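Each reported figure results from applying straightforward, stated rules to the coordinates on display, with no laboratory input. If you're wondering where the values come from, they're calculated on a predicted model, not measured in any experiment. We place every Cβ from the backbone using ideal geometry, glycine too, and count neighbours over all the protein chains shown.
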Amino acid sequence: MSYTALYRKFRPASFEDVKGQDHIVTTLKNQIKAERIGHAYLFCGTRGTGKTTIAKIFAKSVNCESPIDGSPCGECAVCRAIAAGASMNVIEIDAASNNGVDNIREIVDEVSYSPAEGKYKVYIIDEVHMLSIGAFNALLKTLEEPPSYVIFILATTEVHKIPITILSRCQRYDFKRITIDTIASRIKELTEIEQVAIEDKAIRYIAKTADGSMRDALSLLDQCIAFHFEQELTYDKVLDVLGAVDTEVFSRLLRVVLAGDVPGAIGILEEMVIQGRELTQFVSDFTWYMRNLLLVKTADGIEDVIDVSTENLARLKEEAQMADNDVIMRYIRVLSELSGQIRYAAQKRILIEMNLIKLCRPAMETDTASLADRIRQLEQKIEQGAGASLSPEMLARLQEGANIPRDSQKPLGQPKAPLPKAIPEDVSKVASKWSVAISEAPNPMKTYLKTAYPSLSADGKLLVVVEDGLPSDYFKQA
Ligand SMILES: [Zn+2]
């Protein structure tokens, strides 16, 4: 028994069955009812949002012998011929493989013959942005003065590649990404018809992974059904089949990265490796997670744009409070660079580990964004150490500061004075976290700071005592 992919089996045959593109469907139906049909349409939008499906329904409608409320009847000879792909009136061209001048000239020659049956010849040119400049020019002449019986429907995922001369001659329709809710309810409907048991959470996961594309959603569902044939599709099984990572792991990863916890971050990566996750996808998904986080942080009412479940949104909002915009932007930059490199990398895991360390340790980078992140981490650490008490050694050193011979204090130019009785709180904070402060410093400063120690100046300010020679020269320059 041959198996028909769900996407083909349930491809909408009438406008009423099309999901998630109501604005376009309504406009097209009205045009058909009013018999005000255009000659050139441009359908743009992400893959799997219904561009060719709607183009085919439209082709049926304009030719149908008895359309009902702008929709094709589905029963007349013309409707049936088009549905069976046997009509000479609907010509589908894939511009990805027919992108030359000659391919378009063929169409242009054909256009001069009126349709043998029905009213319109409909040319559907898919991926039209793939046409060569010459081919676009050849098409342009026909678009300028099309015969009354010809309709062109140009479909593209990349509208910015279409020449303005072509754009200006078409009615443009922007296909929206289909929302998770719409996709989920379609999956629910189809799995009921197909008698497939599936958890609601699994449905939502597939809908979310499809990223606005109904076609992708149904292909993913197909994969899951094939893999666990005649079993209930649980959330865990779906995750497993799709090789995908539950977003909970990104939440954990973000938290350890923000805390600068390198072993924690490497550990999470190891979990992914053990589970056999696809690492390129993992990086890409984590980048998207950061992008969503940034959107949640910078704009209100962003729920529709990022399309995440309510529970994930609540978590994103919480995490948005934990990180600054600059920090998230730095993460996104590092991760985007990583995405570019990882495709061709032989040692993906090592490359990811290096970049996770980079995220945790902004000190490894020298640009201003990393610097800001470094300061943030320092502040965070100092803050956490606010209640920490000074070690006796450190206390002794601080007090000793006042007794150091004047010469040694010269590098920082502090005059000698009697020791103040109380050590100010801010100085105490830095001193109690001195080793952390050093570890966060860039090289060569870090090297020189290793021999230095914090002390207290006469007027109660933090004094950093450095050795004479190379270290003191370095700080004098700085
Ligand atoms: Zn019909």
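In degrees from 0 to 90, rounded to the nearest 10, what is the angle of the helix 262-274 Cα long axis to the longest principal axis of the chain?
30 degrees
For L279 and E189, calculate 0.36 nm times their separation in residues minus their Cα-Cα distance, and state this gained length in nm to one decimal.
Details: separation 90, 0.36 × 90 = 32.40 nm, distance 3.33 nm.
In short, 29.1 nm is gained.
Please arrange T142, T49 by counting, for each residue, the other beta carbons lying within 10 Å of its beta carbon, fewest first. Write out the running numbers ahead of the final one.
Working: T142 21, T49 26.
Starting with the residue having the fewest Cβ neighbours, the order is T142, T49.
Report the label-to-label distance for E383 and R47 in nanometres (one decimal), using points 7 Å from each Cα along the Cα→Cβ vector.
Each label point is offset 7 Å from its Cα along the Cβ direction, giving 4.4 nm.
Quickly work out the R8-to-Y113 label distance, labels modelled 7 Å from Cα along the C-beta direction, and quote it in nm with one decimal.
According to this spin-label approximation, the distance is 2.8 nm.
With a point put 7 Å past each Cα toward its Cβ, work out how far A259 is from F229 in nm, to one decimal.
Using points 7 Å along Cα→Cβ, the separation is 4.6 nm.
Within segment 139-155, find all residues whose amide N lies under 19 Å from a label point positioned 7 Å from the Cα of T27 along Cα-to-beta-carbon.
Taking a point 7 Å out along Cα→Cβ of T27, the residues of segment 139-155 whose backbone N falls under 19 Å are 151-155.
Quick one: angle between helix 325-342 and the longest Cα principal axis of the chain, in degrees between 0 and 90, rounded to 10, please.
Approximately 60 degrees, to the nearest 10.
Give a quick list of GluC sites (Glu not before Pro) in segment 195-253 that DSSP marks as loop, anything other than H, G, I, E or B, with at most 14 other Cβ atoms within 10 Å. Each step should come with its number before you reach the end.
On the way: sites: E199, E230, E232, E248; in loops: E199, E230, E232.
Within segment 195-253, the qualifying GluC sites (Glu not before Pro) (loop, at most 14 other Cβ atoms within 10 Å) are E230, E232.
So if we plug the beta-carbon distance of S435 and K176 into 1/(1 + (r/R0)^6) with R0 = 41 Å, what FRET efficiency do we get, rounded to 0.05? Please report the intermediate quantities before stating the final value.
Working: r = 54 Å, r/R0 = 1.33.
In this case the efficiency is close to 0.15.
Once the Cβ-Cβ distance between K141 and T298 is put in as r, and R0 is 56 Å, what FRET efficiency do you end up with, to the nearest 0.05? List each step's numbers first, then the result.
On the way: r = 47 Å, r/R0 = 0.84.
The pair K141/T298 has a calculated efficiency of 0.75.
What is the gain in length, in nm to one decimal, between S132 and D459 on full extension, counting 0.36 nm per residue of separation less the C-alpha to C-alpha distance?
The span from S132 to D459 would gain 110.2 nm if fully extended.
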